[in-house]
Amino acid sequence: MIKVAGLIKRFGGQAVLDGIDLAIEQGEIVVIIGPSGTGKSTLLRCLNFLERPDAGQLTIGDLEVDVTRATRADILTARRRTAFVFQNYALFANKTALENIAEGLIVVNRWPKARAHARAREILERIGLADKADAYPASLSGGQQQRVGIGRAMAAQAEVILFDEPTSSLDPEWVEEVLGLMKQLAAERQTMLVVTHEMSFARDVADRVIFMEGGRIVEQGPPDQLFGAPKDPRTRDFLRQVL
Ligand code: ADP
Ligand code: MG
């Protein structure tokens with residue numbers, strides 16, 4: 001359903017993504033782990049054209065493009081089909097929880113305001129924040145803010161939700177409620193690509209875990225295999241440090 005082939009991204013001549021091949025099935029939960037500076041965020045950002053890749057073929061549903069030739073319309077389609085959850089939530093400070101969730105539906109999907117707000121209320125119910133509809137981000141806990149960030153991604157009804165270290169900015173007390181919401185989505189078979197350092201989430205929830213280093217996929221497999229019997233010495237070294 002989502003496929004990239006030969007994805008390359010350079011910053012200042014250096015290949016930060018050095019030929020990534022990746023396919024994700026509908027309903028699949030894929031977790032990416034790896035040291036920092038290894039290109040994990042850049043990979044997610046390239047799928048969403050937050051970064052413009054230097055080479056590669058991208059397939060999302062019936063959209064198939066050479067990334068260097070993607071038109072404005074292709075990029076908008078890719079963005080509609082991939083929702084992003086940011087480490088720092090990236091909520092609009094001057095909009096309420098309800099408005100943050102509704103905003104993309106109004107601006108990107110061109111829904112009438114009333115319809116977008118009705119959908120946002122449904123989402124607030126599902127993320128357990130119905131009573132916070134009119135709250136501004138500053139008055140919410142970190143965990144609540146990130147749940148709004150996830151709610152916004154849910155509202156988009158994208159093919160895949162891309163999570164970039166969604167719990168890394170949270171105080172420890174809020175981590176579980178955010179992981180809990182992600183587990184709920186996984187149980188509903190929402191297709192997800194998740195960059196995280198939460199190894200227990202990877203172990204419990206992922207269908208497949210990918211270990212990245214130096215802009216490449218070093219090794220991947222079901223969590224039992226990757227955590228239990230890693231093949232590559234680089235994977236073993238990394239796991240020794242984090243487990
Ligand atoms: P990770 O998410 O695995 O920590 P990133 O994808 O953020 O890694 O970054 C990979 C490499 O690309 C790092 O060396 C980082 O400094 C570099 N990088 C990321 N974004 C930019 C940018 N906008 N300009 C220049 N270098 C960047
Ligand atoms: Mg990152």
- Query: From the phi of every residue in region 140-146, what ³J(HN,Hα) in whole Hz does the Karplus formula 6.51 cos²θ - 1.76 cosθ + 1.60 yield, where θ is phi - 60° and glycine or proline is x?
  - Reply: 9, 5, x, x, 5, 4, 6
- Task: Could you compute the FRET efficiency for Ile75 and Gln157, with r as their C-beta to C-beta distance and R0 at 22 Å, rounded to 0.05?
- Result: 0.75
- Query: Using a cut-off of 19 Å between alpha-carbon atoms, which lysines can reach Lys9, once sequence neighbours fewer than 8 places away in the same chain are excluded?
  - Reply: Lys40
- In Å and from the alpha-carbon atoms only, list the Rg and Dmax of region 52-122. 15.0, 41
- Might you report the magnitude of the Cβ-based charge dipole of region 85-243 about its Cα centre, with Lys and Arg at +1 and Asp and Glu at -1, to the nearest 20 debye? 480 debye
- Query: Based on Cα positions only, what radius of gyration and what Dmax would you give for the chain, in angstroms?
  - Reply: 17.8, 55
- Note on the structure: So, for the Cα atoms of region 142-243, Rg and Dmax in Å stand at 14.3, 41
- Query: At a 1.4 Å probe radius, carbon and sulfur cover how many percent of the accessible area of the chain?
  - Reply: 45 percent
- Note on the structure: The ³J(HN,Hα) series, computed from each phi in region 147-160 with the Karplus coefficients 6.51, -1.76 and 1.60 at θ = phi - 60°, rounded to the nearest Hz and given as x for glycine or proline, is 5, 5, x, 6, x, 4, 5, 4, 4, 5, 6, 6, 5, 9
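Provide Rg over Rh for region 49-90; use the alpha carbon set for both Rg and the Kirkwood Rh (inverse mean inverse pair distance). Could the numbers behind the result be given before it?
Numbers: Rg = 11.1 Å, Rh = 11.1 Å.
Computed over Cα atoms, the ratio is 1.00.
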- Would you mind checking the tilt of helix 97-107 against the longest principal axis of the Cα atoms of the chain, expressed as 0 to 90 degrees and rounded to 10? 80 degrees
- Mind pulling the angle between the C-alpha long axis of helix 233-242 and the longest principal axis of the chain? Nearest 10 degrees, somewhere in 0 to 90. 40 degrees
- Quote the Stokes-Einstein diffusion coefficient, in whole µm² s⁻¹, for region 42-182, based on the Kirkwood radius over alpha carbon pairs, a temperature of 4 °C and a viscosity of 1.567 mPa s. 83 µm²/s
- Message: Suppose all protein chains stay in the model; what accessible area per residue would a 1.4 Å probe give for the chain, in Å²?
- Response: 46 Å²
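The values are calculated or read from the model by the stated rules, or taken from the named source; none is laboratory data. Here the structure is a predicted model, which is why all the values come from computation and not from measurement. All Cβ positions, even for glycine, are placed from backbone atoms using ideal geometry, and neighbour counts span all protein chains on display. Areas reflect the complete protein model, heavy atoms only, side chains present, ligands, DNA and RNA absent. Shrake-Rupley method; radii C 1.70, N 1.55, O 1.52, S 1.80 Å.
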